[in-house]
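Below: one structure, written as structure tokens.
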Amino acid sequence: DQQVKQNSPSLSVQEGRISILNCDYTNSMFDYFLWYKKYPAEGPTFLISISSIKDKNEDGRFTVFLNKSAKHLSLHIVPSQPGDSAVYFCAASRPGTSYGKLTFGQGTILTVHP
Amino acid sequence: DGGITQSPKYLFRKEGQNVTLSCEQNLNHDAMYWYRQDPGQGLRLIYYSQIVNDFQKGDIAEGYSVSREKKESFPLTVTSAQKNPTAFYLCASSIDRLTKGTQYFGPGTRLLVL
């Protein structure tokens with residue numbers, strides 16, 4: 001049962017344009033969401049997060065939007081740079097005894113062309 | 001210089017052999033995790049530990065074992081019962097299981113079967 005889904009395996013954008021990566025979830029108990037970036041043969045690195053009490057969080061070129069009614073979140077990267085080319089994972093967690101446990105999506109490969 | 005180290009970077013396993021992947025952190029984090037990444041799939045949780053001498057099965061624990069004798073260390077053993085061990089293994093840690101903290105990942109170990 002895939003509770004966190006990233007339905008686009010890949011995305012290609014031109015340098016300077018906006019990249020929009022999408023993520024859907026099914027478990028309404030999730031209340032904290034994160035985006036990670038991963039280069040090949042390396043561990044993921046944390047990018048940005050959002051709590052379910054917010055609908056937007058911004059950090060420099062990265063903005064995450066959360067639509068709780070649609071159970072959907074998205075990551076916007078503006079402007080996109082070639083160094084942003086990587087695999088992006090969204091992840092979700094829920095409160096309770098397993099709070100630290102994250103459920104990851106399948107990942108989206110972002111390629112930013114110069 | 002705090003972080004998570006994993007060793008070795010590459011590991012080869014023969015049929016019927018148990019192998020152990022090392023994970024050490026000096027971030028003073030209580031919680032530690034092991035994930036497996038396969039091509040086209042997200043990170044899947046194998047085991048996690050919220051405190052020393054305690055650990056819980058994740059989503060795909062069969063064929064794996066762990067120990068948590070020290071706060072800094074969380075080794076993963078891939079046993080001969082794991083029939084498809086070839087994958088990229090990632091270790092992570094977070095402050096604890098209760099706070100809304102992110103997980104910090106090590107560089108990973110690639111396991112290959114001879």
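The values are calculated or read from the model by the stated rules, or taken from the named source; none is laboratory data. Just so we're clear, the structure is a prediction, and the values are computed from it rather than from any experiment. FYI the Cβ positions are ideal-geometry reconstructions off the backbone, even for glycines, and counts take in every protein chain you see. SASA here: full protein model, heavy atoms, side chains in, ligands and nucleic acids out. Shrake-Rupley method; radii C 1.70, N 1.55, O 1.52, S 1.80 Å.
General observations
- Relative contact order (percent, whole number), chain A, Cα cutoff 8 Å, 6+ residue spacing: 37
- Cα-based shape type of segment A:47-114, given that a ≥ b ≥ c are square roots of the gyration tensor eigenvalues and the cut on a/c is 1.5: prolate
- Here segment B:48-114 yields Rg over Rh of 0.97, to two decimals, using C-alpha coordinates and the Kirkwood radius.
- Backbone HN-Hα couplings from phi across segment B:105-114 [Karplus 6.51/-1.76/1.60, Hz, Gly and Pro as x]: 9, x, x, x, 10, 9, 9, 10, 9, 7
- With every protein chain in place, chain A: carbon and sulfur % of accessible area (1.4 Å): 50
- Stokes-Einstein, applied to the Kirkwood radius of chain A over Cα pairs at a viscosity of 0.692 mPa s and 37 °C, places its translational diffusion at 232 µm² s⁻¹.
- For segment A:1-108: lysine pairs under 20 Å (alpha-carbon distance), excluding those fewer than 8 apart on one chain: 14
- Prolate/oblate/rounded call for chain B, Cα gyration tensor, a/c under 1.5 rounded: prolate
- A dipole drawn for segment A:45-95 from +1 and -1 charges on Cβ atoms has a positive end, and of A:Pro79, A:Leu66, A:Phe46 the residue lying farthest that way is A:Leu66.
- Kirkwood Rh in Å, taken over segment A:1-57 so that all alpha-carbon pairs contribute: 13.6
- Alpha-carbon centroid distance for the pair segment A:1-75 / segment B:39-65, whole angstrom: 23
- On a per residue basis, the convex hull of the C-alpha atoms belonging to the protein assembly as shown measures out at 124 Å³.
- Computed over chain B: relative contact order in percent, which uses C-alpha pairs under 8 Å that are six or more apart: 35
- Long-range lysine pairs (8 or more apart or interchain), chain B, Cα under 19 Å: 4
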